[in-house]
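Shown next, in structure tokens, is the structure this report addresses.
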């Protein structure tokens, strides 16, 4: 594999950035195309939610939210309640409808996958054990270690909690997890 097709994205290197609505922070894991994050086709991040309130609207964007820390949230999505309280359970919803979040019992950390529905698609699964990662043609695959101890087979690379591996350009590898990892398969261009 070439270094451009296979990248390790360490959690320690992520800078917190304010949300679009200013009510919290996110730590971007990967985005395509690269840049300021405003014109993305897709974006994967970790979001700290410390208070109740509305979600930022993203026209033309679909979202998948996975609670990775905390008790969860009651989401009101376009007038419908969605209790998101199962850890590591991906929950999809449109990012361009009115959405309000209420914390069930204190702060949460969410894995947030957003993609422009006219330019990209995303599939999110939470896995455990050994999984083969293969980037789809013209797309990317990311694996985010949700717990310590994932190892990229054939290398000495160990992923700590919230570290990620990104593959594109038809690259592939095996990932052995000792806990859970989020597997995100994205169509469209790979990360810049």
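Does residue 131 meet the test of being within 17 Å of the chain's Cα centre (by Cα) and either over 19 Å from residue 31 (Cβ atoms) or in the same structural domain as residue 174 (by TED's automatic domain parsing) (or both)?
No: the conditions fail for residue 131.
Given 78, 96, 74, which one is on the phi > 0 side of the Ramachandran plot, in contact with a strand residue (DSSP E or B) (Cβ under 8 Å, 6 or more places away or on another chain) and without any contact (Cβ under 8 Å) to a residue 40 or more places away in the chain?
When all the criteria are applied, what remains is 78.
Here is a list: 161, 119, 128, 102. Which entry is surrounded by fewer than 16 Cβ atoms within 10 Å (Cβ to Cβ) and at pLDDT below 95?
Among 161, 119, 128, 102, only 119 is surrounded by fewer than 16 Cβ atoms within 10 Å (Cβ to Cβ) and at pLDDT below 95.
Quick check, is residue 6 within 22 Å of residue 162 (Cβ to Cβ) and either within 15 Å of the chain's Cα centre (by Cα) or surrounded by 15 or more Cβ atoms within 10 Å (Cβ to Cβ) (or both)?
So residue 6 fits the description; yes.
Quick check: is even one residue across segment 10-27 modelled with pLDDT of 90 or more and under 16 Å from residue 186 (Cα atoms)?
Among the residues of segment 10-27, not one is modelled with pLDDT of 90 or more and under 16 Å from residue 186 (Cα atoms), which makes the answer no.
Could you check, for segment 31-48, whether at least one of its residues is part of a loop (DSSP other than H, G, I, E, B), in contact (Cβ under 8 Å) with a residue 40 or more places away in the chain and touching a strand residue (DSSP E or B) at 6+ places or on another chain (Cβ under 7 Å)?
Within segment 31-48, one or more residues are part of a loop (DSSP other than H, G, I, E, B), in contact (Cβ under 8 Å) with a residue 40 or more places away in the chain and touching a strand residue (DSSP E or B) at 6+ places or on another chain (Cβ under 7 Å).
I'd like the full set of residues that are crowded, with 17+ Cβ neighbours inside 10 Å and without any contact (Cβ under 8 Å) to a residue 60 or more places away in the chain, limited to segment 137-151.
139, 141, 143, 145, 147, 150, 151
The values are calculated or read from the model by the stated rules, or taken from the named source; none is laboratory data. What you see is a predicted model; the values in this text were computed from it and never measured. Using ideal geometry, Cβ is built from the backbone for each residue, glycine included, and neighbour counts are taken over all protein chains shown.
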